[in-house]
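The values are calculated or read from the model by the stated rules, or taken from the named source; none is laboratory data. Not measured: the values here are computed from a predicted model. With ideal geometry, Cβ positions are generated from the backbone for all residues, glycine too; neighbour counts draw on all protein chains shown. Surface areas here come from the heavy atoms of the whole protein model, side chains and all, with no ligands, DNA or RNA. Shrake-Rupley method; radii C 1.70, N 1.55, O 1.52, S 1.80 Å.
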Amino acid sequence: MLTNKTVAIIGGTSGIGLCVAEIAISLGASVVVGGRNGERIEKAVQRLGSSARGAEVDNLNQASIKAFFEAAGAIDHLFTPGASYARGRIDEVTDEVAESSFKSKFWGQYYAVKHALPHLAKDGSITLMAGAYSVRPAPNGAAYGACNAAIEGLGRSLAVELAPVRVNVVSPGTIDSDLWQRQPTELRDASFSSYSDVALLKRVGTTDEVAGTVAFLMQNTFMTGSTLYPDGGFALR
Ligand SMILES: NC(=O)c1ccc[n+]([C@@H]2O[C@H](COP(=O)([O-])OP(=O)(O)OC[C@H]3O[C@@H](n4cnc5c(N)ncnc54)[C@H](OP(=O)(O)O)[C@@H]3O)[C@@H](O)[C@H]2O)c1
């Protein structure tokens, strides 16, 4: 249970982060959800109800991250799935695209942890977001695959540095979230179909399945330094 705990989620207004907010509230927590867009924050808070608050944050901007945690106040658990990036082949994309995942997904989470620390309970936890391309890279995003592997390494390193605060990583396969629902139908169908062909369980995942993994990592007080892969067996094939 997460009774009387406060959970901060950067990227909590949509997709996996919003689903984690719903599960955390059902387990007794109050949540602070962050994202860049004020309207999306308002909509998420309305949907989540009286146990939710929201604050704007852009993880590309350290001052914004610091202000988010000052607004959040004391927190027990942190989850940081919010990131804005693009990806593509090394011989096809600009340097800006190539570097975008490290800038937002890696350094964005690193600085989120840095600025959360003064507000985070010593018996609390941090769950970082990576992705299973860390261990089974796609052919169109070498920097993105490496970024996810780096986040898994960051989680292990922070677990050592920050104990007794627990630090873990969730590294999902393809998940049918709002992120994919915003893509053109043809691209989504093709991606889901090729993922389903490869994954042992022959389908993409749901936001509930990832959120359940994150809720487990928050609640289990002996888990630290681990990476869990809710990926339907994608990484094994
Ligand atoms: N869905 C998948 O298949 C999948 C698989 C593996 C890993 N992941 C990882 O999971 C994370 C979330 O994915 P999702 O599917 O839940 O996406 P989503 O539905 O698009 O949600 C993204 C959330 O992050 C926020 N956000 C985006 N850029 C931000 C920034 N620069 N600073 C702060 N917040 C930001 C968004 O709100 P605003 O746009 O209003 O800022 C939103 O709340 C991503 O890091 C992704 O790499 C997803």
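Structure summary
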read-out: Under-5 Å amide H pairs with Val31, H placed in peptide plane, nonlocal only; value: Val7, Ala52, Arg53
read-out: Nearest-20 debye value, the chain charge dipole, Cβ charges on Lys, Arg, Asp, Glu; value: 360 debye
read-out: Mean accessible surface per residue for the stretch 95-149, computed with a 1.4 Å probe while every protein chain stays in place, in Å²; value: 43 Å²
read-out: Distance from the stretch 29-105 to the stretch 132-149 (C-alpha centre basis), Å; value: 21 Å
read-out: Met1 accessible area, assembled protein chains, probe 1.4 Å, Å²; value: 140 Å²
read-out: Three-way shape call for the chain based on the alpha-carbon gyration tensor, with the a/c threshold at 1.5; value: rounded
read-out: Candidate lysines - alpha carbon under 20 Å from Lys103, same-chain residues fewer than 8 apart omitted; value: Lys66, Lys114
read-out: Charge dipole (debye, nearest 20) of the stretch 173-222; +1 at Cβ of Lys and Arg, -1 at Cβ of Asp and Glu; value: 80 debye
read-out: 5 angstrom amide H check on Gly225, placed H, neighbours 5+ away; value: Val167, Asn168
read-out: Spin-label pair Asn37/Ser157, simplified geometry with 7 Å Cα→Cβ offset, distance in nm; value: 3.3 nm
read-out: Relative contact order [Cα under 8 Å, 6+ residues apart], the chain, whole percent; value: 19 percent
read-out: Under-5 Å amide H pairs with Ile175, H placed in peptide plane, nonlocal only; value: Gly205
read-out: Rounded to 10°, Cα long-axis angle of helix 62-72 versus longest principal axis of the chain; value: 50 degrees
read-out: FRET efficiency, 1/(1 + (r/R0)^6) with R0 45 Å, evaluated for Glu70 and Ser196 via beta carbons; value: 0.55
read-out: Whole-Hz couplings from phi, Karplus 6.51/-1.76/1.60, listed for the stretch 165-172; x for Gly and Pro; value: 4, 8, 10, 9, 10, 10, 10, x
read-out: Charge dipole magnitude, Cβ of K and R +1, D and E -1 - the stretch 1-113, Cα centre, debye nearest 20; value: 320 debye
read-out: Estimated inter-spin distance, Leu179 and Ser84, nm [label 7 Å along Cα→Cβ]; value: 1.5 nm
read-out: Angle in degrees between helix 107-116 and the longest Cα principal axis of the chain, rounded to the nearest 10; value: 10 degrees
read-out: Principal axis box of the stretch 1-95, alpha-carbon based, largest edge first, Å; value: 50, 25, 24
read-out: Whole-Hz ³J(HN,Hα) from phi, Karplus 6.51 cos²θ - 1.76 cosθ + 1.60, for the stretch 97-102, glycine and proline x; value: 5, 4, 8, 5, 5, 4
read-out: Leading residue at positive end of dipole, the chain (Cβ point charges), from His77, Gly38, Cys147; value: His77
read-out: Accessible area in the full protein assembly, largest first, 1.4 Å probe, for Ser104, Ser196; value: Ser196, Ser104
